[in-house]
Each structure stands twice: as C-alpha cells, then as structure tokens.
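Following: one structure in structure tokens, then a few remarks.
Only the coordinates and a few stated rules stand behind these numbers; no lab work does. Bear in mind that the values here come from a model prediction, so they are computed numbers and not experimental data. Cβ atoms come from the backbone with ideal geometry, glycine included; neighbour counts cover every protein chain shown.
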2 protein chains.
Amino acid sequence: MKKIDNGGITSPKGFKAAGVAAGLKRSGKKDIAVIYTESPANFAGAFTSNKLCASSIDYCRRVVERSDTIHAIAINSGNANACTGDQGVADTELMASELAKHLNIKNDQVMISSTGVIGVPLPIDKITHGLKQAVDKLSFAGGEDAAQAIMTTDTIHKAIAVSIDVDGYPVTIGGIAKGAGMIAPKMKMPQPHATMLAYITTDAAIEPDCLRHCLVNSLHGSFNRITVDGDTSTNDTVITMANGAAGNPIIKTGAAEAELFSEAFSYVAMNLAKKIVLDGEGATKFVNVTVKNAKSESQARQCAFAIANSLLCKTAWFGADPNWGRILDVIGYSEIDIDSGNISVFYDDLVIVEKSQGTSTPVSDQIAVLKQKEFNVTVDVGVGNSEFSVWTCDLSYDYIKINAEYHT
Amino acid sequence: MKKIDNGGITSPKGFKAAGVAAGLKRSGKKDIAVIYTESPANFAGAFTSNKLCASSIDYCRRVVERSDTIHAIAINSGNANACTGDQGVADTELMASELAKHLNIKNDQVMISSTGVIGVPLPIDKITHGLKQAVDKLSFAGGEDAAQAIMTTDTIHKAIAVSIDVDGYPVTIGGIAKGAGMIAPKMKMPQPHATMLAYITTDAAIEPDCLRHCLVNSLHGSFNRITVDGDTSTNDTVITMANGAAGNPIIKTGAAEAELFSEAFSYVAMNLAKKIVLDGEGATKFVNVTVKNAKSESQARQCAFAIANSLLCKTAWFGADPNWGRILDVIGYSEIDIDSGNISVFYDDLVIVEKSQGTSTPVSDQIAVLKQKEFNVTVDVGVGNSEFSVWTCDLSYDYIKINAEYHT
C-alpha cells in the first residue's frame with residue numbers, strides 16, 4: 001500500500017470534484033461540493049442512527065434501496081436541512097434533480113448530504129445556483145476544493161489517498177471527511193452507522209456486495225470508535241463509490257484481493273476518522289483510550305467510551321493532570337464487569353495504577369506523558385480477554401468558546 | 001410545613017455537630033465534621049452504585065446490615081479514601097473506632113464518609129487529631145460548621161431545616177449536603193443510590209422501615225434527578241438519622257402522619273439536591289429539563305438526562321444561544337420512542353418547536369428566557385403520557401478551569 005502525496009477523492013481514476021462558495025456561510029468560504037464519476041459507480045452508504053435525521057439521510061437511504069449505481073454526490077455545508085419538515089424534503093429533492101439535470105444523469109443516481117445548523121430552511125436559490133457553478137468547475141484536480149467546501153467548524157480539510165496493486169493493476173482509494181463537533185458514534189451495534197460526513201472513492205472494479213462489506217468492516221475500527229463530545233449528529237454519512245476505471249479483474253467477496261482491498265479501504269477510513277478527532281472542536285490532544293481484558297468487546301467498548309466522554313477525564317487531560325482517580329471512577333460507574341481489586345492503568349507505557357492502587361511512578365513522568373500531543377490511556381479490568389480502543393480528544397476552553405459564542 | 005431560618009442538621013432536637021480544620025485541605029479550611037445524636041437514632045442510608053466505591057461506603061453498608069441504631073457520623077473532606085486498598089479499609093475502621101472511643105459509643109454505631117481526591121492515602125494522624133477536636137467542639141449550634149467542613153469545590157455550604165406538626169408535636173427535619181462536581185445519578189432504577197454527600201437529621205419518632213421508605217421515596221425526585229457533569233462518584237452517600245427527641249407518637253408506615261413526614265422529608269432532600277446543582281462547578285444557570293408525553297417514565301428520564309448531559313446543549317445555555325436544533329439532535333439519539341414529526345420544545349412558556357420545526361417565536365424572546373439564572377426546557381415527544389424532570393446546569397469556562405487547573 002502506497003500513500004499518495006496530497007491525495008484525495010480525485011486521486012482514483014475517473015473522479016472529478018469541485019467546491020464553490022454559494023453564500024451559505026457568513027464567512028464567504030466554500031460551501032457546496034460536488035463529487036462526480038464519469039462512469040456510473042457501485043456504491044454503499046452508512047448513515048446516522050439518530051431518529052430525527054435530516055431529510056437528506058432519508059433521501060440517500062431511498063437511493064440505496066432502489067439504485068444499483070450512482071453518478072454523483074452533492075454536499076452543502078452551513079445548513080443541515082434537519083428538522084425542516086416538508087420544505088426540507090422538497091429542498092433535498094430539488095437539489096438532487098438540479099444536479100441530475102446539470103450532469104445529464106438520472107435523479108436516483110445522485111446522493112445528497114447537508115451539514116451545518118439544524119432547523120433553518122435551506123437558502124435553496126443560493127444552493128441551486130451554487131450547484132450549477134460547482135458542476136461547471138468539476139475537474140480531476142477538484143478534490144481539495146471539495147474537501148474544503150464540506151467543512152463547518154473544522155480548522156483544516158481532511159483528505160487522503162492510497163494505492164494498491166490488484167493483479168498487476170494499480171487501484172486507488174481516496175477519501176475526504178469533515179467533522180469537529182457533534183461527533184460521537186452510537187454505541188449500539190451491529191447496525192452500521194456513521195458519525196460525520198465522509199466520502200471514499202475508488203477506481204477499483206469491485207462487486208457491490210464486496211464494496212458494502214468493506215464499508216461495514218471499516219466502520220467498527222474507524223468512524224465508530226471516535227468521539228469528540230458524545231453528541232451523535234442528525235446528518236452523519238459515509239458514502240463510497242467504486243467506478244471500475246482501474247480496469248482490474250473484478251474484486252469478489254472471499255478472494256485474496258478482497259482482503260487486500262478491504263485493508264486499504266479500512267486504512268483510509270481510519271485515517272479520516274483520526275483526522276476528525278485531531279481536529280475536534282477545541283482539541284489540543286489526541287487520546288487513544290484502550291480497555292483490555294474485558295469480558296466482551298462490547299463491554300470494553302462501553303467502558304472505553306465512558307472514559308473518552310467523561311468531562312472529568314477530558315479536562316484532566318487538557319490540564320495534563322495525571323489524576324487517575326477520575327479514570328477509576330468512570331470504570332466503576334461504567335456498568336461493566338470488573339475485578340475491582342485488580343485494575344491497572346497505563347499512560348503510554350508507564351504503570352500508573354496496579355491492583356486498583358497508585359504506583360510509585362513519579363508524577364513528573366506521568367505529567368510528561370500527558371503533555372504530549374498524542375498519548376495512550378490503557379485500562380486493564382482483569383476479567384476476560386476482549387479489548388477495544390476509542391479515539392478522543394481533551395476538553396478545552398476553546399470547546400466552550402466555539403459552542404457558546406457561535407451559533408453552530 | 002414551616003421553613004426554619006438558617007436551619008440545618010442541628011435544628012432537630014438532640015443533635016449536636018461540629019466542623020474543624022485538621023489540615024487535610026491546603027486552603028486551611030474546615031475539613032472534618034462530626035454529627036452526633038444524644039440518644040441513639042433509627043437510621044437509613046443510600047450509597048453510590050459505583051463498583052469502585054470508597055472503603056467508607058463498604059464500611060457504612062456493613063453498619064446498615066448489622067446495626068439497629070447509630071449515634072454519630074464523621075465526615076472528612078479533602079480526601080476520598082477511594083482506591084487506597086487495605087490501608088484505606090484500615091483507616092476507615094480507625095476513624096470509626098477513634099470516634100466511638102471519644103464519644104463512648106460502640107464502633108458499629110458510627111458511620112464514616114470521605115470526599116475529595118481519589119487514590120491518595122488518608123493523612124490518618126491529622127484525621128484522628130481532628131476527630132478529637134471536633135468531638136470537643138460538638139454543640140447544638142454546630143450545624144453550619146459541619147456544613148462547611150464537608151465542602152470540596154462547593155462555593156457555599158448547603159443546609160436547610162423545616163418543621164411540621166405531628167399529632168400536636170413539633171417535628172423538625174434538617175439537612176446538609178455537599179457536591180459541585182462529579183455529580184450524576186446512575187440512571188438505573190430501582191436500586192436506590194445517591195450522588196453526593198447529604199445528611200438528614202430529624203427528631204421524629206419514626207419506625208425504621210418507615211424512615212427507610214421516606215429516604216427511598218425522596219431519592220427519585222431529588223438526588224437521583226440531578227446531574228452536573230455526568231460523572232457518578234465513588235463516594236456518594238445519603239444518611240438519615242431519627243432520634244425520636246420530638247416525643248411524638250411513633251410514625252408508622254401507612255399512617256397519615258407518615259405521608260406528612262415523607263413529604264417534608266422529600267422537600268428537604270429536593271432542596272439540598274437543587275442547591276447542589278445551583279452550585280455546580282462553574283455553573284451560571286440552573287436548568288430544569290422536562291420530557292413529557294413519553295412512553296414510560298424511564299424513557300422520559302433517559303431522554304431528559306441525555307439533554308441535561310449534552311455538551312452542546314449545556315454550552316448553548318451558557319451562551320444563551322436558543323439553538324434548539326441541538327436539543328432535537330439529542331432527542332433523536334437518546335434511543336427513546338418518539339413521534340419524529342411531532343416534537344415540541346418550550347423555553348419556559350414559549351413554544352420554540354412545534355411539529356418538529358421551529359416556530360415564529362422571536363429569537364429575542366427566546367434569548368431573554370435563556371439569559372435568566374433559572375429556566376425550564378420542556379420537550380414533548382408525543383407518544384405517551386409519562387414525564388420526568390432533571391435538574392442540571394450549564395457548562396462554562398470555569399468548569400474547565402476548576403477541573404483542568406486544579407487537582408481535585
């Protein structure tokens with residue numbers, strides 16, 4: 001697997017993209033993105049489990065049900081078009097039909113996403129005008145513009161591409177994502193679901209079922225293991241498109257190539273998920289929370305998310321305060337099975353807690369770990385052999401600032 | 001029911017208390033409290049459901065099991081004596097035996113509580129010295145000193161007393177509480193549990209079962225409906241003592257007097273619980289979140305707590321941002337049954353959302369509600385007739401400051 005410098009969704013063959021400023025954002029920044037594949041693509045999608053999801057989510061779910069291939073995705077930022085009633089539904093459909101018209105494709109070959117403030121009707125005239133502009137600007141070099149156009153409170157755009165060799169054919173997988181706040185997977189499995197916006201393109205020739213399988217497989221270890229603030233959005237979406245332009249023999253479920261492709265696909269998803277947490281609202285630190293030796297993976301997951309979402313843990317990390325008592329407190333109330341006299345906690349490789357009590361590890365060494373931009377908190381609950389890792393960030397003054405002082 | 005000016009735990013007859021500074025707090029403030037009843041008291045206790053509870057919790061549970069009456073409670077602040085292993089257990093027992101010795105009562109007539117930093121061994125010499133001092137200072141006017149001595153990050157001490165007439169006898173109920181952070185009930189019922197430290201004294205003559213019933217009844221509408229930060233402590237405790245000094249005919253379960261007493265008891269518990277939220281770490285606002293017309297009370301409760309603990313809602317309240325989309329987002333992911341097209345939201349009496357869409361209520365009116373020190377957020381989910389209210393506070397810069405810059 002080879003990483004492509006400055007890669008993104010237009011790195012795979014046959015994909016064009018564009019991002020334009022249509023006036024949805026008061027900042028005047030880009031706010032409409034279009035992703036287009038020259039030949040129709042197999043596709044798969046995963047969506048939020050939030051019951052009050054946006055109309056674009058309902059729309060996309062219908063496309064998934066009735067279409068075999070898609071041709072384009074339009075995304076607007078600055079407005080989530082959620083809780084906007086019948087008008088919201090009509091606006092989503094108008095976005096789809098306008099895009100289809102400009103691209104001369106069918107309505108049900110178009111997917112739509114929206115992100116931004118909830119409960120405000122879309123400024124639909126600006127959007128239809130912007131869609132036309134974006135279609136006019138579509139190019140094989142437009143990936144970065146699209147990555148920028150989907151940003152909301154993100155401080156940097158998020159993109160990656162990798163290539164692998166499939167039977168002698170170079171196959172490329174590219175992705176973009178956005179998300180900084182209202183980031184938290186729903187913890188219920190096995191329903192796949194996503195937690196932000198991410199689009200993964202590939203020129204691989206791959207069976208639809210195999211592609212869907214790759215997406216589902218990737219979620220568990222990527223978008224479904226991250227949390228910034230514990231709030232699951234109404235609009236979370238991951239969509240992947242495979243247009244076959246690489247010309248490789250079709251990748252089929254069960255074949256060795258499927259595994260190779262799935263690994264690369266998961267790598268792209270993980271990379272994007274990690275970028276979201278690194279850019280979490282107000283985040284100054286990336287924290288990998290692992291719970292191991294739990295009774296089951298779901299228990300490990302439940303406890304790891306409880307730690308990752310604890311305000312007391314997140315603020316301690318922000319302050320580089322090695323106060324492990326807060327971690328033990330969370331373990332105690334996380335409602336998983338534990339050996340209460342036999343808990344261990346590690347900051348990176350340092351043993352901080354052993355047999356549920358503090359060790360003699362010098363506090364200065366502990367602080368040194370917590371002052372890093374990235375570190376690991378590992379908890380051993382001593383009752384089984386399952387583990388799960390969650391990626392999160394600290395909670396800083398800037399999180400409060402972003403969410404109390406701006407209407408987001 | 002009559003409220004007693006400056007009332008507290010020494011308002012009921014026969015109760016003495018004291019608070020002294022034993023050097024556990026770096027600030028030099030009071031950190032050891034003793035509550036004493038001249039005649040042995042019927043009692044009841046409710047404790048944290050945290051699996052990594054402090055040794056004092058285990059100790060108190062044993063007293064509850066084996067003792068019919070108690071005589072005294074000692075509480076230290078500045079150190080939770082949690083996750084301190086065998087030494088912690090021995091220290092709790094030493095606290096109990098020292099107190100019993102000084103008061104000339106039996107070890108198992110003593111309850112012990114600790115609150116403060118987790119994982120640091122108790123400075124036991126300071127504590128035993130402080131206990132002696134406190135016993136020497138015990139007085140019928142010592143309630144306020146005791147209320148101050150149990151404070152940690154609290155900015156004000158919390159106390160109340162009320163009196164009622166039982167068969168012509170004045171009966172008094174008094175209480176103190178502490179708690180500002182690491183405040184959150186466990187949401188699982190029906191196991192009663194507490195979420196901070198609270199002590200409720202009464203001179204009522206009341207059957208032990210009836211007293212226990214009053215405590216259990218009160219939790220649901222008081223300590224178990226509050227959350228500051230969603231973190232459930234290792235040391236949460238509510239203990240009540242009834243010494244019979246009022247001389248009233250014994251209050252028995254099922255009698256009219258039992259109901260009267262229970263109401264007054266619940267009022268004291270609710271008042272203390274509300275004081276905890278009002279003094280929540282960094283809190284600038286008290287928010288009463290009600291979910292109504294839910295399928296069941298437990299669903300209403302689950303949704304109300306999800307809103308009350310949402311960082312996005314809490315920061316919006318801090319900023320007086322009427323962004324109701326964040327509330328609908330939480331309703332959507334709270335995993336309760338809802339009528340997704342028929343959600344209403346009210347800020348005090350203003351209708352903000354109707355049929356899951358924004359109303360024309362002027363934004364300036366909405367902001368005016370959210371700028372108050374106290375307001376109500378009411379959600380109607382339109383599928384049943386059950387409701388539940390949760391008391392919470394906003395999330396401010398000062399919460400981050402208190403928990404990132406100090407080792408608490």
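Counting only helical runs of four or more DSSP H residues, what would the 222 nm mean residue ellipticity of chain A come to if each run contributes -39,500 (n - 2.57) and the total is spread over all its residues? After summing the helix terms and dividing by the residues of chain A, the value is -10500 deg cm²/dmol.
Considering only A:E144, A:E98, A:E354, the Gaussian network model of chain A with Cα springs below 10 Å gives its largest mean-square fluctuation to A:E354.
An oblate overall shape is assigned to segment A:89-229, the ratio a/c of its alpha-carbon gyration tensor axes (a ≥ b ≥ c) being 1.5 or greater and a/b not exceeding b/c. Label point of B:D209 (7 Å along Cα→beta-carbon): distances to the other copies' equivalent points are 6.4 nm, sorted ascending.
With a Förster radius of 51 Å applied to the beta-carbon distance between B:E297 and A:T359, the computed FRET efficiency rounds to 0.70. Let me make sure I get this right: for chain A, a, b and c are the square roots of the gyration tensor eigenvalues over alpha carbons, sorted descending. Under 1.5 in a/c it's rounded, otherwise prolate if a/b > b/c, else oblate. Which is it? Because a/c hits 1.5 or more and a/b exceeds b/c, chain A counts as prolate. Here A:S39 and A:A255 are evaluated by their C-beta separation; at R0 = 22 Å the FRET efficiency comes out at 0.45. Cβ crowding within 10 Å, taken as a proxy for footprinting-reagent exposure, orders B:L312, B:L395, A:L103 from fewest neighbours to most as A:L103, B:L312, B:L395. Secondary structure note: in the protein assembly as shown, about 70% of the DSSP beta bridges are antiparallel.
Starting from the Cα gyration tensor of segment B:286-405, take the square roots of the eigenvalues, sort them a ≥ b ≥ c, and report rounded, prolate or oblate (rounded when a/c is under 1.5, otherwise prolate if a/b is larger than b/c, else oblate). If you can, show how the numbers build up before the last one.
Numbers: a/c = 2.01, a/b = 1.31, b/c = 1.53.
Oblate, because a/c is 1.5 or more while a/b does not exceed b/c.
Averaged over peptide A:320-328, the number of partner chain Cβ atoms lying within 10 Å of each residue's Cβ comes to 6. Both numbers refer to the Cα atoms of segment A:179-315; Rg and Dmax are 16.2, 52 Å. For B:H129, the distances from its label point to the matching points in the remaining copies are 7.7 nm, ordered from shortest, with each point set 7 Å beyond Cα toward Cβ.
So what's the protein assembly as shown giving for Rg/Rh, alpha carbon basis, Kirkwood Rh from the mean inverse pair distance?
Numbers: Rg = 29.2 Å, Rh = 28.1 Å.
Reported Rg/Rh (Cα atoms, Kirkwood Rh): 1.04.
Label positions at B:K29 and A:R66, each projected 7 Å from the Cα along the C-beta direction, are separated by 6.5 nm.
How shielded is B:392-404 by partner chains, expressed as the average number of their Cβ atoms within 10 Å of its Cβ atoms? Display every interim value, and only then the final one.
On the way: counts 0, 0, 2, 6, 3, 7, 2, 5, 13, 3, 1, 12, 13.
For this peptide, the per-residue mean of nearby foreign Cβ atoms is 5.
Restricting attention to chain A, close to 70% of DSSP beta bridges with both partner residues there are antiparallel.
Comparing Cα centroids, segment A:29-53 and segment B:349-408 end up 32 angstrom apart.
How many angstrom separate the Cα center of segment B:61-101 from the Cα center of segment B:255-282? Segment B:61-101 and segment B:255-282 have Cα centres spaced 26 Å from each other.
Distances between copies at B:E93, taken between label points 7 Å from Cα along the C-beta direction, are 7.5 nm in increasing order. Springs between Cα atoms under 10 Å define the GNM used for chain B, and in it the highest mean-square fluctuation of B:G174, B:G341, B:G247 occurs at B:G341. Look at the alpha carbon pairs under 8 Å that are at least 6 residues apart: their mean separation over the length of chain A gives a relative contact order of 18 percent. Computed from label points 7 Å out along Cα-Cβ, the spacing between B:E263 and B:E374 is 2.0 nm.
For the residues of A:353-363, the average number of beta carbons from a partner chain within 10 Å of their own beta carbon is 2. Take chain B and mark each of the chymotrypsin sites (Phe, Trp or Tyr not before Pro) that is in a DSSP loop with at most 14 other Cβ atoms within 10 Å; the longest unmarked stretch, sites excluded, is B:141-405. Quick one: which of A:K2/A:K274; A:K51/B:K292; A:K355/B:K401; B:K275/B:K401; A:K51/B:K295 span more than 25 angstrom between C-alpha atoms? Exceeds cut-off: A:K355/B:K401. Working from label points 7 Å from Cα in the Cα-to-Cβ sense, the B:K106 to B:S139 distance is 3.2 nm. Comparing A:N376, A:N235, A:N42 in a Gaussian network model of chain A (Cα springs below 10 Å), the most mobile by mean-square fluctuation is A:N376.
Pairs from the list A:K101/A:K137; B:K158/B:K178; B:K101/B:K132; A:K101/A:K132; B:K30/B:K106 with a Cα-Cα gap above 18 Å: B:K30/B:K106.
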